[in-house]
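The block underneath contains the structure these notes are about, expressed in structure tokens.
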Amino acid sequence: MTDFWNDQIERADYLAGELSGSKDLLTFYAQLLRAQKEIYESHRHRNNPSLSGDLETDLPAVRSSMTVLLESVALHGPESLANEAQDLLNAEPDVVAQKLLDYWRTPADTEFFAKATLQPYMRWLAEARITPVGREFARSESSCPFCGGKPQVSFLQSKESNAESGNRDLICATCLCSWQFRRIVCASCGEERPAQLGYFHSPEFDHVRIEACLSCMRYIKGVDLTRLGHAVPLVDDIHSAALDLWAGEHGYTKIELNLVGL
Ligand SMILES: [Zn+2]
Ligand SMILES: [Zn+2]
């Protein structure tokens with residue numbers, strides 16, 4: 001499914017070409033996506049030995065795939081991240097391996113390099129139906145059924161079974177797969193009382209909204225594909241960075257930060 005990566009890259013290139021407050025973020029993200037696509041391809045074309053889904057076993061392949069991403073960030077990333085990428089390129093292999101394993105066992109959205117490297121690895125595991133090992137977290141309705149990851153972004157799309165309302169899906173921050181989710185419910189704590197759930201959007205981003213919860217004060221962005229069918233949720237989440245600033249100013253914390261830290 002190389003189409004997945006090409007769709008993300010095309011959308012990021014297109015939006016990065018527009019004059020907007022998130023132009024620099026999108027330019028960087030477009031480069032990052034290219035590196036992630038290369039990582040994905042390296043796993044997809046790997047035959048012998050094939051991946052096991054156990055990161056400890058797969059570590060040599062994953063660690064060596066990371067180089068392309070580090071080189072890209074060193075070249076295109078914002079200064080602090082570029083410096084960190086350079087340090088990791090010079091680091092002992094054990095240091096990098098430990099970073100990956102730590103993220104695998106205890107995911108944190110601030111672990112940029114591990115998250116960015118493992119997304120395409122996990123995406124490939126999902127497509128190849130290789131069950132990830134060592135990620136047996138407490139599961140809930142709002143965690144990814146495949147890998148247990150948290151949701152990165154939600155989207156609405158028309159499905160024939162329920163065309164009049166449009167159905168809601170969540171995209172996993174860790175493996176980038178999506179799963180169906182109820183429409184009026186907090187994607188963090190499961191709150192479903194309408195009075196506790198708030199939806200905010202600005203005319204600037206007509207197809208994107210903040211889906212916020214007054215009970216846990218968490219939010220996620222929702223991308224409405226019934227309004228803009230060619231939007232790409234992970235990319236439009238970054239394009240609408242201004243909404244994240246608004247949510248932060250109003251006391252909401254994102255369920256999971258995206259790769260540009262918003
Ligand atoms: Zn997942
Ligand atoms: Zn909540």
Average the reciprocal distances over every distinct pair of alpha-carbons in the stretch 60-194, invert the result, and give the Kirkwood radius in Å. 16.6 Å
What does the accessible area of residue 102 come to, in Å² to the nearest 10, when a probe of 1.4 Å is used? 80 Å²
Given springs between every Cα pair under 10 Å in a Gaussian network model of the chain, which of 222, 148, 21 has the largest fluctuation? 21
Once R0 is set to 25 Å, what does the formula 1/(1 + (r/R0)^6) return for the Cβ-Cβ distance between residue 46 and residue 13, expressed as a FRET efficiency to the nearest 0.05? 0.35
16 Å Cα-Cα reach of residue 221 towards lysines, excluding residues that sit fewer than 8 places from it in its own chain: 150, 254
Quick one: if the Förster radius is 45 Å, what FRET efficiency do residue 228 and residue 92 give, using the C-beta to C-beta distance and rounding to 0.05? 0.45
Using a 1.4 angstrom probe on the protein heavy atoms only, could you order 105, 34 from most to least accessible area? 105, 34
About the Cα centre of the stretch 182-235, how large is the charge dipole given +1 on each Lys and Arg Cβ and -1 on each Asp and Glu Cβ? Please answer in debye to the nearest 20. 140 debye
Between the modelled labels at residue 180 and residue 206 (7 Å from Cα along Cα→Cβ) the distance in nm is 3.0 nm
Quick check: at a probe of 1.4 Å, how many percent of the accessible area of the chain sits on carbon and sulfur atoms? 50 percent
The Kirkwood hydrodynamic radius of the stretch 1-95, taken as the inverse of the mean 1/r over all distinct Cα pairs, in Å, comes to 14.7 Å
If I take all pairs of Cα atoms in the stretch 109-262, what percentage of them are more than 21 Å from each other? 44 percent
Any chance you could check the Cα centroid distance between the stretch 1-62 and the stretch 173-226 for me, in angstrom? 25 Å
Out of every Cα-Cα pair in the stretch 201-247, what percent are more than 18 Å apart? 23 percent
About its Cα centre, what dipole magnitude does the stretch 34-188 give when the only charges are +1 on Lys and Arg Cβ and -1 on Asp and Glu Cβ, stated in debye to the nearest 20? 620 debye
Given Cβ point charges of +1 (Lys, Arg) and -1 (Asp, Glu) and nothing else, what value in debye, to the nearest 20, does the dipole of the chain about its Cα centre take? 640 debye
In Å and whole numbers, how far do the C-alpha atoms of the stretch 80-130 stretch along each principal axis, longest first? 35, 21, 18
For the charge dipole of the chain, defined by +1 on Lys and Arg C-beta atoms and -1 on Asp and Glu C-beta atoms about the Cα centroid, which residue among 35, 74, 203 has the Cα displaced farthest towards the positive pole? 203
Rg over Rh of the chain, using C-alpha atoms and the Kirkwood radius, what does it come to? 0.96
When 1/r is averaged over all different Cα pairs and the result inverted, which Kirkwood radius in Å belongs to the stretch 43-115? 13.0 Å
What's the extension gain from residue 106 to residue 140 if we count 0.36 nm per residue and subtract their Cα-Cα distance? 10.6 nm
Förster-model FRET efficiency, 45 Å R0, residue 56 and residue 158, C-beta, rounded to 0.05: 0.60
Per residue accessible area of the stretch 106-205, 1.4 Å probe, in Å²: 47 Å²
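The values are calculated or read from the model by the stated rules, or taken from the named source; none is laboratory data. Everything numeric in this text was worked out from a predicted model, so none of it was measured. Ideal geometry is used to build each Cβ from the backbone, glycine not excepted, and the neighbour counts take in all protein chains shown. Ligands, DNA and RNA are excluded from the accessible area calculation, which covers all protein heavy atoms including side chains. Shrake-Rupley method; radii C 1.70, N 1.55, O 1.52, S 1.80 Å.
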